[in-house]
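The values are calculated or read from the model by the stated rules, or taken from the named source; none is laboratory data. Nothing here was measured: the structure is a model prediction, and the numbers come from that model. Using ideal geometry, Cβ is built from the backbone for each residue, glycine included, and neighbour counts are taken over all protein chains shown. We work out accessible area using only protein heavy atoms, side chains counted, and drop any ligands, DNA or RNA first. Shrake-Rupley method; radii C 1.70, N 1.55, O 1.52, S 1.80 Å.
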Amino acid sequence: MTHPVSSRAFQTFRLRAIAGAAALLSFASAHAQSTPPLATSTTQITPAVTLKEVTVTAEQEATTEGSGSYTTHGTTIGKGLRSLRETPQSVTVLTRQRLDDQGIRTLDSALQATTGITVQESSSHERTFFSRGFEIDTIQYDGVPTTRGSGFFISPDLSGYDRVEVLRGPAGLFNGAGQPGGTVNLVRKRPLATRQLNAQVTLGSWNLRRAEGDISLVLNDAGSLRGRLVAAREERNFFYDVANSKRTVLYGVVEADIGPRTTLGAGFNYEKNAGTPFYGGLPRFSDGRDLKLPRSTYLNAAWSRSDIQNTTYFTDLNHRFNDNWKVKLGVSRMKENNYDLSGAAFNTVNPATNLGPTISSFKANLLGEQTALDGTLEGSFLAFGRKHDVIFGTNYQYRDYRSTSQSFTVANAAINPFTFNPYNYANAPTVPAGAQTRTLNKTEQNGMYGSVRFALSDPMKLVLGGRTSYFKSSVQNLVTGVLTTQPYEEKSRFVPYGALSYDLDQNWTVYGSYAEIFRSQANLFTVAGTRLAPATGTTYEAGIKGALNGGKLNTSAALFRTTETNRAQTVVAANCAGNLINPAGACSAAEGQVLSQGLDAELSGEVAPRLQVAAGYTINLTRYVSDRNATGPTANVNQPLLTYAPRHMLRIWSNYQLTDALAGWSIGGGVNLQSKTYKVAGAARLEQPGYAVWSARVGYRINKNLTASLSLNNIFDKTYYRTLGALNGSSWYGEPRNVTATLQATF
């Protein structure tokens, strides 16, 4: 496929970026020569010993692998290396130790354990993530932003990652035109300075079988060339019948020190998830009552199939001019190749007959490509007797995906979900039920960003920054050749950011931050046929952060308030149909206003000797202040936006290392607790009462190389809906009680 990087917009952006980068590099080089390095303490040694020069990058300083900790000394989600205390926004870091202890293997499982995040299921393998009432639509890989967008999304396997960083609140300074709820940064494992081999085998409920290998090698005598290879294979069934998945992961990276201050890395990540899926979830009675079906219920035809593949190639360059200035460049190329054959049951159930849903079938294929690049220059300078920090950068994203879909006729009567047999449908249908659809979706955005962290005094810091963004999108019907959504551009959109922090003492910092919101809605149209204006808004956050016990324990509490205006609202109007600019015939009005406010509180790290804890509490209310589609006695005011996001969430996980005669043992456990959620469907109200799901773990170090662990999840076998859907389907049970056992070897 030819990548359209020759567009006028990108050429203009590239020239500006080159000119800007040249100026920044020139500025950095001048400071590299004129600015003295930071003072360091030295100890005289006699006789003198000459040591090899060791280059330490920000990524290595923030690495959590091997730390044994549930917290980190630094995070890179906001560009550059900053401690959690120095970051004036709410950030959670799930370290490698916590991922291993809690048995977290995929991103969706990680976010289910993260403070303030809601995970919604749409199939056995597709997930949507929400933070503070807004969808998370941007995921960074080593700080390079990528767009989730439409289409299938494999929740990434975490075997190749060192940690998961989650920022709650707007990330528009670095990510451009996105949702204001937050973003995720997946930080890849990197080659180690010494040889290491790690292998583990996991067995568990529902025929879970997983094998994982991880080897890091030093490839030359000087240690300047290093490599790492991670491979994982997982086969599993689900707690519901028929469905299964086979996941294959292969990750490799090579790093070379091409100079005393320069490191070049390149690698790839391949992931495949194939098997028999479950689409559509569970329906309800037509009056809204719960069917109370067994959790093993599967309402798809057994011939349903999916094969989802994702391949990413990446390279990055880190160069340190001196102790004060460094630059990082990252480029990734992601390819998607996804196939799906679905036979799913949808419709409400008649309370009198227990009949209603029928099987519908479609075949879909998605071929997508995404290119992303990010360049960041980070440094410091002296002015007015103080040291100030700066970050300048630029990034670019382009994604296109071609989707082909075909529906098929299924000869079936209304089914009874209580007696449904998935194997009654022996063969997949072959008779088309309508014309094939083929579309080409394109999204392109780029921008330049920068921020300065002024030291107003020793304890007080002021951060001022902003981003200028460019956004373009289009949708084309490949059957007719018609542009369903004409190419549209948002140019020179500036989004400011500011924060003020004050160190109360050596452990505590208070802060306040302000960020503006810009989210394109260019794919929507007004009744008059014009493009819908972007959604805009503001976020205020104020909080306190502490770094205790020598940095081994981090804690924070923050109040936040986000207001989004111009949110798209559906308009029912007959003259929408036939609009030549908008042949799809759907109209919207930029009239919605949303308010999200609440509190995040978090603690992570060593609270007592040998006791690691990660705990987070969130209270959040997200509602419509203005909604033209609201109904009922409070129409147009105070209508809940995300009623399926609980108002209260508590996430706790801990692990304790025993001593003395039991020194080889460790015990852990935790709880996910949340208040009720509900959805309104016409006159019906679908409700999930509040619940708590408890888990526990015991581990034993057999010898210096072998460790065994046993985990029990949902100890009390709580039955609950993790995702509430609609009357005709899309409700999903949480997992019943289950157990996993892992044997790990490290050499």
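Here are a few things to note about the model shown:
- Once you reduce region 215-273 and region 396-430 to the center of their Cα atoms, the two points are 34 Å from each other.
- Here's how it looks for ASN324: its modeled amide H is under 5 Å from none belonging to a residue 5 or more places away or on a different chain.
- Taking all protein chains as they are arranged and a probe of 1.4 Å, the heavy atoms of ARG85 leave approximately 40 Å² accessible to solvent.
- Per residue, the chain reaches -2000 deg cm²/dmol at 222 nm when only DSSP H runs of four or more residues are counted, each adding -39500 (n - 2.57).
- Accessible heavy-atom area order of ILE104, ILE702, ILE619, highest first, probe of 1.4 Å: ILE702, ILE619, ILE104
- Centroid-to-centroid separation of region 333-349 and region 494-531 [C-alpha atoms, Å]: 35
- Candidate aspartates and glutamates for bridging to LYS79, where Cα separation is under 19 Å - those fewer than 8 sequence places away on the same chain excluded: GLU59, GLU61, ASP137, ASP142, ASP162, GLU165, ASP316, ASP323, ASP374, GLU378, ASP389, GLU516
- Spread of Cα-to-Cα distances over 5 Å intervals beginning at zero, given as percent, for region 477-574: 3, 10, 14, 13, 12, 10, 9, 8, 7, 6, 5, 3, 1, 0
- Region 237-355, Cα convex hull volume normalised per residue, Å³: 168
- R0 of 35 Å, Cβ-Cβ distance ALA383-THR538: FRET efficiency to nearest 0.05: 0.70
- Charge dipole (debye, nearest 20) of the chain; +1 at Cβ of Lys and Arg, -1 at Cβ of Asp and Glu: 440
- The distance between label points at THR353 and ALA414 comes to 0.3 nm (points 7 Å beyond Cα on the Cα→Cβ vector).
- log10 of Debye I(q)/I(0), alpha-carbon scatterers only, for region 183-285 at 0.23 Å⁻¹: -1.19
- Phi angles across region 273-281 convert, under the Karplus curve 6.51 cos²θ - 1.76 cosθ + 1.60 with θ = phi - 60°, into 3J(HN,Hα) values of 10, 10, x, 9, x, 10, 10, x, x Hz, Gly and Pro given as x.
- Summarising the amide proton neighbourhood of SER626: residues at separation of 5 or more, or on other chains, whose placed amide H is nearer than 5 Å comprise GLN593.
- Per residue Cα convex hull volume in Å³ - calculated over region 490-534: 95
- Rg/Rh for the chain stands at 0.96; both radii use Cα atoms, and Rh follows the Kirkwood definition.
- Seen from all directions on average, region 670-712 presents a Cα convex hull projection of 4.4 nm².
- Solvent-accessible area per residue in the chain equals 43 Å², computed with a 1.4 angstrom probe and all protein chains kept.
- Residue by residue, region 442-457 carries 3J(HN,Hα) couplings of 10, 9, 9, 8, 8, x, 10, 9, x, 8, 10, 10, 7, 8, 5, 7 Hz when phi is fed to the Karplus relation 6.51 cos²θ - 1.76 cosθ + 1.60 (θ = phi - 60°); x denotes Gly or Pro.
- Solvent-accessible area, 1.4 Å probe, carbon plus sulfur percent, for the chain: 57
- For region 464-475, the Karplus equation 6.51 cos²θ - 1.76 cosθ + 1.60, evaluated at θ = phi - 60°, returns couplings of 10, x, x, 9, 10, 10, 10, 9, 8, 8, 7, 9 Hz by residue, with Gly and Pro reported as x.
- Above-threshold pairs, the threshold being 21 Å between Cα atoms, out of LYS676/LYS718; LYS335/LYS442; LYS292/LYS679; LYS246/LYS718; LYS461/LYS545; LYS387/LYS461: LYS246/LYS718
- Label point at THR430 placed 7 Å out along Cα→Cβ; residues across region 358-392 whose backbone nitrogen lies under 19 Å: 361-364
- Sorting LYS704, LYS718 by solvent-accessible area of protein heavy atoms yields LYS704, LYS718, largest first, with a 1.4 Å probe.
- Kirkwood Rh in Å, taken over region 429-521 so that all alpha-carbon pairs contribute: 17.4
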